[in-house]
Amino acid sequence: MMKKAQIGAASIHILLIVFSLLSLFPFLNMITVAFTPNSYVLPYPPKFFPDSFYLGNFVESLSANRFGHYFLNSVVVAILSTFATLFVASLSAYGFARLDFPGKEILFKFYVFTLMVPAILNIIPQFLVIKSFHLVDTRGGLVLFNVGGAIAGYTFFLRQFFQALPNELEESAVIDGAGRFKIYSRIILPLSGPAMGTMTIFAFTGFWDEFFGALTLIKSEGKRTLPIAIRMFQGQHATDWGFVFAASLIALIPIIVIYIIFQKQFVQAGAVDGAVKE
Amino acid sequence: MTRLRTGLRQWKTALPFILPGLILVILFSVYPIFQNARMSITNFNVLTQKSQGFVGFTNYVRAASDPVVVTATVNTIVYALVCIPIEMLLGLFIAALLHSGVRGNLVYRALCYLPVITSWVIVSLIFRYLFSSGQGGLVNYLLGGLGLISAPVAWLSHRWTAFVAIWSLEIWKSIGWVMVIYLAGLQGVPKALYEAARIDGSGWFNRLRFITVPLLRPVTVYILVNRVIGAFSAFISIYMITDGGPMNRTEVLLSYMYKAGFQYFEFSYASTLSMIMAVLILMFSGTHRLLIKEEK
């Protein structure tokens with residue numbers, strides 16, 4: 001009996017190890033290539049592990065091609081987009097969760113309905129909206145595009161969190177004469193720290209990787225974000241894969257660091273992620 | 001009268017909170033839906049940014065007879081039909097393995113989720129590299145070593161072999177997400193049910209079939225709808241791996257819509273393609289309702 005259970009556990013481990021390796025294998029390959037000099041041509045036989053820690057590709061991508069500049073663009077756009085999204089969405093979510101006004105339910109249904117249409121189909125009208133504000137080819141326009149597309153989803157999820165908070169605190173604050181904004185900023189926001197934290201992580205990682213809007217809106221080289229820059233590296237260097245993958249690995253660092261720190265939020269609250277992004 | 005007054009007063013309190021979000025949702029989510037519909041039946045001039053005149057369904061007729069649209073529609077639907085079942089089955093399988101409570105659970109979970117969090121641009125490049133043609137391509141090397149192919153395959157030069165690369169990427173990147181959602185669903189199934197079934201002597205497969213699968217139905221529907229939207233939103237992988245080539249053979253609806261809009265500047269035609277996609281998505285993700293109804 002014991003033996004059977006052990007064999008069962010062992011086979012589960014073996015299967016899980018296989019799946020984990022399949023997940024990791026492409027990354028491993030990227031790392032190997034990034035440590036390989038002169039990788040214009042594919043080596044034969046292919047290498048599975050780096051045979052030296054050649055750092056030339058990393059040095060080259062960090063120093064040349066305004067990489068630092070693109071990195072900074074990505075940081076600025078992602079941070080501003082995250083902050084604005086969370087601020088506007090939490091205000092809306094408070095309104096929908098805690099205040100009563102005629103037509104609230106219908107209005108909220110409209111928000112939910114827009115979530116059914118994949119955001120990506122809206123790109124042309126959204127482009128025209130940004131254009132009418134004369135914000136094409138500006139980082140501000142990209143932030144506006146990011147935030148505008150994200151509000152409905154983030155409002156939807158924060159509203160659920162806010163609704164779950166106990167009413168008593170808010171009621172006593174109203175009796176004490178506190179204004180609505182004070183209640184939102186002093187009671188609701190501090191109480192939903194974990195929820196806001198999780199949302200911040202998702203928003204930041206999503207905006208960091210954002211490609212579609214940046215590809216459409218940003219024209220001048222100096223305003224590119226990292227995903228676009230990496231795509232251009234691949235085009236312009238008759239692909240020096242080592243260089244492209246070294247740049248990609250550097251671009252991945254913030255995401256991996258966030259992932260390691262907040263791993264639990266990702267693997268448990270993945271449900272939230274999937275519904276907000278995509 | 002008093003109801004109207006209370007209503008107005010309530011709106012006055014709520015407006016500062018909801019107005020900024022409302023403006024953004026209208027501009028970036030609601031208005032685009034109507035604007036797409038309007039542009040598809042008018043002749044939109046890119047220079048003046050105005051719709052000039054009603055053209056009826058001309059754009060739709062054009063789309064129906066455009067050979068690239070036909071190819072792209074087939075490619076999009078095959079993409080969904082190939083990838084979604086594999087993703088969901090493997091995701092459920094891994095979730096079930098993890099749910100058995102093995103040691104190192106969190107580590108496995110984190111590793112399997114890693115593809116989900118990495119950017120599409122980067123993983124598309126990796127897959128393009130893995131599926132390089134010639135004997136130095138890693139996939140060619142491995143398949144050749146296993147004796148599955150006799151000569152290196154030029155993966156990206158033919159329609160369906162290129163899609164093998166694109167499908168593999170989609171499946172590889174989505175399994176982790178499906179797994180996490182299914183795992184959450186599995187944790188919601190009461191343990192007592194399994195224990196009772198075990199006492200009654202039912203095996204692993206019967207427990208899966210008669211307890212797990214029925215109780216996971218809502219989660220399955222949620223995953224299905226999400227993955228349908230995901231499959232129709234596939235763009236970066238195609239843009240980065242084949243860019244629709246060779247000769248538009250690997251174009252999907254979204255990548256072709258993007259080209260129509262931002263390479264050929266035919267905004268009306270691109271909006272028409274968006275509308276067609278929206279209808280297809282609603283049809284695909286709506287099928288679950290039919291399935292549920294049939295059961296009742």
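Points worth noting:
Conditions (1) more than 16 Å from B:ILE276 (Cβ to Cβ); (2) hydrophobic (A, V, I, L, M, F, W, C), marked per residue:
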| residue | (1), (2) |
| --- | --- |
| B:GLY21 | yes, no |
| B:LEU27 | yes, yes |
| B:TYR31 | yes, no |
| B:ASN45 | yes, no |
| B:GLY53 | yes, no |
| B:ALA64 | no, yes |
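- Given (1) touching a Gly at 6+ places or on another chain (Cβ under 6 Å); (2) at the interface with chain A (Cβ under 7 Å from one of its Cβ atoms), index of the condition B:VAL116 fails: (2)
- Scan of segment B:134-152 for residues that are touching a helix residue (DSSP H, G or I) at 6+ places or on another chain (Cβ under 6 Å) and either within 30 Å of A:ILE258 (Cβ to Cβ) or assigned to a loop (DSSP other than H, G, I, E, B) (or both), ordered by number: B:LEU138, B:ILE149, B:PRO152
- Filtering segment B:1-21 to residues that are assigned to a helix (DSSP H, G or I), out of contact with any helix residue (DSSP H, G or I) (no Cβ under 7 Å at 6 or more places or on another chain) and hydrophobic (A, V, I, L, M, F, W, C) leaves B:LEU4, B:LEU8, B:TRP11, B:LEU15, B:LEU19.
- In segment A:174-193, the residues that are closer than 21 Å to A:ALA164 by Cβ form Cβ pairs under 7 Å with partners that are part of a helix (DSSP H, G or I) and of a type in the set (S, T, N, Q), at six or more places apart or across chains, as follows: A:ARG180/B:THR13; A:LEU189/A:SER90.
Residues are listed down the side, and each one gets a yes or a no for (1) at pLDDT 90 or above; (2) surrounded by 17 or more Cβ atoms within 10 Å (Cβ to Cβ); (3) more than 7 Å from chain B (Cβ to nearest Cβ); (4) farther than 30 Å from A:ALA247 by Cα:
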{"site": "A:LEU21", "(1), (2), (3), (4)": "yes, no, yes, no"}
{"site": "A:PHE25", "(1), (2), (3), (4)": "yes, no, yes, no"}
{"site": "A:TYR40", "(1), (2), (3), (4)": "no, no, yes, no"}
{"site": "A:PRO43", "(1), (2), (3), (4)": "no, no, no, no"}
{"site": "A:PRO50", "(1), (2), (3), (4)": "no, no, yes, no"}
{"site": "A:PHE53", "(1), (2), (3), (4)": "no, no, yes, no"}
{"site": "A:PHE83", "(1), (2), (3), (4)": "yes, no, yes, no"}
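- Looking at segment A:111-230, the helices (runs of 4 or more DSSP H) lying wholly inside it that each contain 1 or more residues that are in the same structural domain as A:ASP100 (by TED's automatic domain parsing) and farther than 22 Å from A:VAL75 by Cβ sit at A:123-132, A:139-164, A:168-175, A:180-183, A:193-209.
- Candidates B:LEU130, B:LEU89, filtered to the one that is out of contact with any Ser or Thr (no Cβ under 9 Å at 6 or more places or on another chain) and over 23 Å from A:LEU215 (Cα atoms): B:LEU89
- Selection over segment B:45-59 of residues that are surrounded by 15 or more Cβ atoms within 10 Å (Cβ to Cβ) and facing another protein chain (nearest Cβ under 9 Å) gives a count of 0.
- Failed item, numbered, when A:GLU221 is tested on (1) modelled with pLDDT of 90 or more; (2) surrounded by fewer than 19 Cβ atoms within 10 Å (Cβ to Cβ): (1)
Matching residues to (1) under 24 Å from B:THR13 (Cα atoms); (2) within 12 Å of another protein chain (Cβ to nearest Cβ); (3) polar (S, T, N, Q):
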| residue | (1), (2), (3) |
| --- | --- |
| A:ALA93 | yes, yes, no |
| A:ASP100 | yes, yes, no |
| A:PRO118 | no, yes, no |
| A:THR138 | no, no, yes |
| A:ALA178 | yes, no, no |
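- With respect to the conditions (1) loosely packed, with under 15 Cβ neighbours inside 10 Å; (2) away from every other protein chain (no Cβ under 13 Å); (3) hydrophobic (A, V, I, L, M, F, W, C), A:PHE87 lacks only one, and its number is (2).
- Residues (among the small types (Gly, Ala, Ser), over 22 Å from A:ILE260 (Cα atoms) and within 7 Å of chain A (Cβ to nearest Cβ)) located in segment B:85-113: B:SER100
- With respect to the conditions (1) under 29 Å from A:LEU252 (Cβ atoms); (2) facing chain B (nearest Cβ under 7 Å), A:PHE207 lacks only one, and its number is (2).
- Residue in segment A:108-126 that is over 25 Å from B:ILE281 (Cα atoms) and free of Cβ contacts under 8 Å to residues at least 12 places away in the same chain present: no
- Every residue from segment B:184-195 that is surrounded by fewer than 17 Cβ atoms within 10 Å (Cβ to Cβ) and either within 30 Å of B:GLY245 (Cα to Cα) or within 14 Å of another protein chain (Cβ to nearest Cβ) (or both): B:ALA184, B:GLN187, B:GLY188
- Residue within segment A:60-67 that is polar (S, T, N, Q), within 11 Å of chain B (Cβ to nearest Cβ) and part of a helix (DSSP H, G or I) present: no
- Residue within segment A:185-203 that is among the hydrophobic types (A, V, I, L, M, F, W, C), buried (at least 21 other Cβ atoms within 10 Å of the Cβ) and closer than 19 Å to A:HIS69 by Cα present: no
- Candidates B:ILE223, B:ILE181, B:ILE236, B:ILE166, filtered to the one that is out of contact with any Asp or Glu (no Cβ under 6 Å at 6 or more places or on another chain), within 30 Å of B:VAL68 (Cβ to Cβ) and facing chain A (nearest Cβ under 10 Å): B:ILE236
- Checked across segment B:75-96, the condition of being under 30 Å from B:PRO190 (Cα atoms) and modelled with pLDDT under 90 holds for at least one residue.
- Within segment B:19-44, the set of residues being without any contact (Cβ under 8 Å) to a residue 40 or more places away in the chain and away from chain A (no Cβ under 12 Å) comprises B:ILE41 only.
The values are calculated or read from the model by the stated rules, or taken from the named source; none is laboratory data. Remember, it's a predicted structure, so these values are computed and weren't measured experimentally. Neighbour counts are summed over all protein chains in view; Cβ atoms, including those assigned to glycine, are modelled from backbone coordinates with ideal geometry.
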